[in-house]
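Taking it in order: structure first as structure tokens, then the write-up.
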Amino acid sequence: MVFLPISAYKPDWFRRNHASPEEALKMFVESGARFMIPIHWGTFILSHEPITEPPERLKTEAKRLGIEGRVIILRQGESFTLPE
């Protein structure tokens, strides 16, 4: 299980400490982890992308890569239990 940031990526110069959804998925795949939970999105407006854009881009890219079932997008306060 990995927890990776997916927002605060616009403008590009702001990303030195942040990742786009696509970059986060690349890190997830390279990590060899079984599941990914995206973090650092949807709470505060820190950059120029719309607040709802990061999880939508993440879903689109995960589907393109055929790994959408391994990306767990939680709502605020929601929990997740790893399957056996």
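The values are calculated or read from the model by the stated rules, or taken from the named source; none is laboratory data. From a predicted model like this one, the values you see are computed outputs, not experimental measurements. Note: ideal-geometry Cβ built from the backbone for every residue, glycine included; neighbour counts use all protein chains shown. All accessible areas refer to the heavy atoms of the entire protein, side chains included, with ligands and DNA or RNA removed. Shrake-Rupley method; radii C 1.70, N 1.55, O 1.52, S 1.80 Å.
The table for this structure:
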| read-out | value |
| --- | --- |
| Principal-axis tilt of helix 21-31 within the chain, Cα atoms, nearest 10 degrees | 40 degrees |
| Potential extension, VAL2-GLU78 segment - 0.36 nm per residue separation minus Cα distance | 25.7 nm |
| Loop sites in segment 14-67: trypsin sites (Lys or Arg not before Pro), DSSP, at most 16 other Cβ within 10 Å | ARG34 |
| Correct option for Cα Rg over 2.2 N^0.38 Å [calculated from the coordinates] among (1) 1.41; (2) 1.05; (3) 1.63 | (2) |
| Amide proton proximity set for VAL2, modelled H, under 5 Å, gap of 5+ | PHE35, MET36, ILE37 |
| Mean separation of Cα contacts under 8 Å, 6 or more apart, over the residue count of the chain: relative contact order % | 33 percent |
| Accessible area in square angstrom per residue, the chain, 1.4 angstrom probe | 67 Å² |
| Extension gain from GLU23 to ILE39, taking 0.36 nm per residue of separation minus the Cα-Cα distance | 4.4 nm |
| Carbon + sulfur, % of accessible area of the chain - ligands and nucleic acids excluded, 1.4 Å | 56 percent |
